[in-house]
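The values are calculated or read from the model by the stated rules, or taken from the named source; none is laboratory data. Note that the structure is predicted; figures quoted are calculated from it, not measured. A quick note on method: Cβ atoms are made from the backbone with ideal geometry, for glycine too, and the neighbour counts reach across all protein chains shown.
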């Protein structure tokens, strides 16, 4: 089963700070680094590193950063032949601050990502996806482009996995088009017009979200793990205790692993368990794509935490 990702490709410019500045304040940073990023690229790379067959539909510019990002994706095992190259356009950039606890603040400049149109998706995606395949979508592309991806996925008889990040107003209108919904505790609340979801309320919330259209709802809860619900089963999944270095991209590692495991035929609960472990692995390393595990690394991590997770 193939995975087709429709999503963004960014260059992440990352600086570590002791604490985030308040408006008008200047602070010193250190450990500046440039990493491969973008939610679409991150999730595609995460799934490919774990052994999935993955292609990516998105756009880059004609700058040096864009060339480097395509090279990174190829190295991860992602088929980038569907990626559009825009002349005289910079690639997407994310400006990221990471504090000493590993939390982050992110500003995204879409660049070429913002040029991916519904027409691009409608004309290209049908040639990439077969009935039964998985189409993985996020929200760093234009909203109507995401809608086009979901509509085309339905028309082709494939299944959509939608990570509603970053959250955009109106996303709730797309819920009837979504087959598999992946949200964190903040996005789950936003979809229902509420604040962040507590751990105690998480299962009730995923049941409510499932009633809006998706057959599967997977809600991640950070260090508290996750909950998963489909039409025949449910589960509460703990996360292992690890030392957090950088949370940037950990959610994408989780989503990519979830897609990979579903593509291998694992149950939704089994896939969610593997996904939580992948996210927990990723927070121990800096950077989005560089933090993602290979299959051997993930298998060893799961084995070493099997009695403590």
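Overview of values
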{"item": "Counted residues, the stretch 73-101 - those being more than 16 Å from residue 29 (Cα to Cα) and assigned to a loop (DSSP other than H, G, I, E, B)", "result": "12"}
{"item": "Enumeration of residues in the stretch 148-189 that are more than 17 Å from the chain's Cα centre (by Cα) and farther than 20 Å from residue 206 by Cβ", "result": "148, 151, 152, 153, 154, 155, 156, 157, 158, 169, 170"}
{"item": "Enumeration of residues in the stretch 279-309 that are in contact (Cβ under 8 Å) with a residue 12 or more places away in the chain and over 19 Å from residue 104 (Cα atoms)", "result": "293, 294, 295, 297, 298, 301, 302, 305, 308, 309"}
{"item": "Only one of 250, 272, 261 that is modelled with pLDDT of 95 or more and within 18 Å of residue 164 (Cβ to Cβ)", "result": "272"}
{"item": "Conditions (1) in contact (Cβ under 8 Å) with a residue 12 or more places away in the chain; (2) closer than 30 Å to residue 244 by Cα; (3) more than 18 Å from the chain's Cα centre (by Cα); (4) loosely packed, with under 14 Cβ neighbours inside 10 Å: number failed by residue 24", "result": "(1)"}
{"item": "Where residue 253 falls short, out of the listed (1) free of Cβ contacts under 8 Å to residues at least 40 places away in the same chain; (2) outside any loop (DSSP other than H, G, I, E, B); (3) more than 19 Å from residue 133 (Cα to Cα)", "result": "(1)"}
{"item": "Options 57, 73: the member that is under 22 Å from the mean Cα position of the chain (by Cα), at pLDDT 95 or above and closer than 19 Å to residue 251 by Cα", "result": "73"}
{"item": "Restricting the stretch 275-300 to residues that are part of a helix (DSSP H, G or I), in contact with a strand residue (DSSP E or B) (Cβ under 8 Å, 6 or more places away or on another chain) and at pLDDT below 95, the residue that is nearest to residue 220 (Cα to Cα)", "result": "289"}
{"item": "Complete set of residues in the stretch 58-100 that are in contact with a strand residue (DSSP E or B) (Cβ under 8 Å, 6 or more places away or on another chain), within 20 Å of residue 3 (Cβ to Cβ) and surrounded by fewer than 14 Cβ atoms within 10 Å (Cβ to Cβ)", "result": "81"}
